[in-house]
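Structure first, commentary second.
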Amino acid sequence: MSAIVALAGSVAAKQAFGKLVVGIYEYIKVETGRKLKQWRTEAQIGKLYQRLGEVRKVKTIWQVDRAVDIADFYCDSHVMIGAERRKIGHLEDLGNDRNVLIEGIAGQGKSIFLRYLCAVELLRGNCIPLLIELRRVSSKHPLRERIRMALRELALNPDDRLLDALVSSGKILLLLDAFDEVDDDLKPVVVNEIEDLVCANDKLRVVVTSRPHESMRASRHFVVVTLDNLNGDEYAHVIRRLAGGETWAEGLIDHIKRKARHVQELLCTPLMVTLLVLSYKSYQQLPVRLSEFYDSLFYTLLQRHDGSKPGFRRARMCHIDDTEYRHVFEALCLVSKSGGNAFDKSQVYAFARKALELCNVGEGPSKYIDDIVHITCLIVREGDEYRFIHRTVQEYYAASYIKRKPDPVARAFYEKTLARGGEGAWEQELEFLSEIDEYRYRKYYRLPALLRQLGCDEARLGVPWCALPLAKTKEMVAGLRVSFGPDGQVAWFLDGVAAGVQMEVLVQLVRATVAWLTPALVEMRETREGMKGVAFEALLEEPKVKTRLVEVLDKIVAGLFDEARRISNLVRDEGNPSLLDGLV
């Protein structure tokens, strides 16, 4: 039983929260000489508790028509702290008195996990949790202003003095969701804002979520933990929670175990399990690749209401067929990438207008968006904001748009992405394209990327690979840094490295060397007074590092060389037109 279910609605939880608010009230009165009248009465405390509790209500791909309580479907999350896999029930499970960055891949449920923590800490009554979606941070509304706005929603209107007193009280928990969704130009600013808050307020606890490889992990004020995948049969528990006691759940679980064990490796995140259940209920078959989960999603949601009632068809504003709905949606996902994942009305209408023009569909943008919101719910409206129900939905259908385009257009996309070092911004789309547009992905993106990493042309693939010179090693690791956290742990990160194909080598290099280099680095830290970070190139001059590092890097590069050779051969064979001779 989750902590939410155990605590929700209990008299003890409300009483604990009431005591917390009274304690904050007294602290503020002492620190500022001001009274928080609107928080003082029992009725106001009840309203505050209710407002904070609304964080538990969310819309998901599984339940798109209405917001549901996460207590109805939440499954325990696990994180990796070092080599330990730990189930997280509440904040202390992440470690005492530590600021934490929780990294996770797409679909692992980072945002739901953070809402779960928010709900649990509210019910436990030890602090007031403030959940802030970092995608809302902008130059007009920086982080500090977003915190102020969150407090306004709790019936406070704090000036700077009151805000500082609240943050420094030790009774505020700051939960910052999705650092990876911050505008790239603002990320350094947001990191500085977060670090300034932490440095100025020793008692403030901060938890941040992000996809991997973001600059936030470089902060020495945060311990980095990784949200772990579902292991073993944990996917079965997710299916049972989604089913809510319905009998079909056990039949599906049994089918997977007996006849489709190959699918289990795909069921590594709650999102993948959800998509599998949606697909299975609609088509009575199990997808076998990541892309197949998403491919069926649009038609499943577009048609599911119509299929649930004989003779019924939900009214649509647009007079277009299902294929046109999908093609426009794919174009919408692509053109909206420039605006992120959430938009105001004017933005989403502008993107829809452009998508309709690209597909030569003569419908109005407001009608099309109305249908997508009310029928598929793949875009949801919350107040004045429109957002994709999940970021990966936008990413898959943007990739699907590229897949449908003729060869010159697709080739231009791959080449521009490669030339601009855009793998980071388009990483998930490229992952999908590696499945749904495999030949062109290999030919126009993966092979050129590998050749650039290796610093050779395709003709060079015909001869064995030789050891990488030390000078090339230094070039490839330029900008890599190692830093020491507050508890002495070693953190690796990239600083000032241009995004590009070298990133893969760097990431692999870090993973391959961190285990045996960490003791040496800790020793260096102890012998070099005040050392907070060191350029990775400098480590090449350490005798114990130089030889081993080149050996590891050479092994990595040799593997990439072999992959490039395989792809080159596959592209040549698959592109050979001789198989069509005499057939067309």
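When the pairs 110/140; 57/110; 140/367; 110/345 are compared against a 22 Å limit on Cα-Cα distance, 110/140; 140/367; 110/345 fall above it. Dipole size of region 142-181 about its Cα centre, with +1 on Lys/Arg Cβ and -1 on Asp/Glu Cβ: approximately 220 debye, rounded to the nearest 20. The gain in end-to-end length when the residue 93 to residue 152 segment is fully stretched comes to 18.2 nm, 0.36 nm per residue minus the alpha carbon separation. Cβ crowding within 10 Å, taken as a proxy for footprinting-reagent exposure, orders 30, 189 from fewest neighbours to most as 30, 189.
Does region 3-227 come out rounded, prolate or oblate, given a ≥ b ≥ c as the square roots of the eigenvalues of its C-alpha gyration tensor, rounded meaning a/c under 1.5 and, failing that, prolate meaning a/b above b/c? Note, shape of region 3-227 comes out oblate.
Taking 0.36 nm per residue of separation and subtracting the current Cα-Cα distance, fully stretching the chain between residue 164 and residue 344 would add 61.7 nm. Under the criterion of Cα pairs below 8 Å and six or more residues apart, the relative contact order for region 323-374 equals 40 percent. Note that region 157-166 has calculated 3J(HN,Hα) couplings of 9, x, 7, 4, 5, 5, 4, 4, 5, 5 Hz, one per residue in order, obtained from phi through the Karplus relation 6.51 cos²θ - 1.76 cosθ + 1.60 (θ = phi - 60°); glycine and proline are x. So what's the net charge close to residue 459: Lys and Arg +1, Asp and Glu -1, counting the other residues with Cβ under 13 Å from its Cβ? That sum, taken over residues with Cβ under 13 Å, equals +1. Taking other Cβ atoms within 10 Å as a rough exposure proxy, 62, 426 sort from fewest to most as 62, 426.
The numbers here are math on the coordinates, done by the rules we state, and not lab data. These numbers come from a predicted model, not from an experiment. All Cβ positions, even for glycine, are placed from backbone atoms using ideal geometry, and neighbour counts span all protein chains on display.
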